[in-house]
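Okay, structure first, notes after.
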């Protein structure tokens, strides 16, 4: 079951869903549109190692936009900071984004109850495409949780991505034990 627009508004009023900045025009019948933030990043090295901290270089999207290229992997970020304290948020691409050949996440479309932060986007493109800061890039949908949550994500000691800032965050796989 996905929350409807009225239920999303109720949860925002209760404080269990927070979206900043919030614009009522971005609320669809069962989703909320999010926008591409002005910061992007790329990994410094072309070969990544899952057991090591791979550094990224940040850069900003100029006013005239920036062309993204196939076979390159970009980390982006949503303009919106969100908090979700009682539901499971999912971030999906918009159909208009997909029709430009833009994928906004490789695997990480689901958030956890208690996720607080800007969403890091895992961007790849099928052909060269110019993108702009502030353009609609995805949509959040919310699922209710059945049962009581024992530990929310923002309360976990090993939560690697809690309180993400308005810049893309690199993989923290290296913090796992394996």
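No value in this document is a laboratory result; all are computed from the given coordinates. Everything quoted here is computed from the prediction, not taken from an experiment. Note: ideal-geometry Cβ built from the backbone for every residue, glycine included; neighbour counts use all protein chains shown.
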* Separation between the residue 110 and residue 49 pseudo-spin-labels, each 7 Å from Cα along Cα→Cβ, expressed in nm? -> 3.1 nm
* Structure fact -> For the chain the mean separation of alpha carbon contacts under 8 Å (6+ apart) over residue count, i.e. relative contact order in percent, is 30 percent
* Give the calculated FRET efficiency between residue 176 and residue 67 to the nearest 0.05, with a Förster radius of 30 Å applied to their Cβ-Cβ distance. => 0.30
* Which order, highest average first, do 10-16, 146-152 follow once you tally other Cβ atoms within 10 Å for each residue and take the mean per peptide? -> 10-16, 146-152
* Show me 168-178, 89-99 ranked by packing, highest mean number of other Cβ atoms within 10 Å first. => 89-99, 168-178
* To do: State the extension gain, in nm to one decimal, for the chain segment bounded by residue 16 and residue 126, taking 0.36 nm per residue of separation less the distance between their alpha-carbons.
  => 35.9 nm
* Asked: Distance in nm between label sites at residue 7 and residue 148, each 7 Å beyond Cα in the beta-carbon direction?
  -> 2.2 nm
* Asked: Packing-wise, with mean Cβ within 10 Å as the measure, how do 1-8, 112-119, 56-63 rank, highest first?
  -> 112-119, 1-8, 56-63
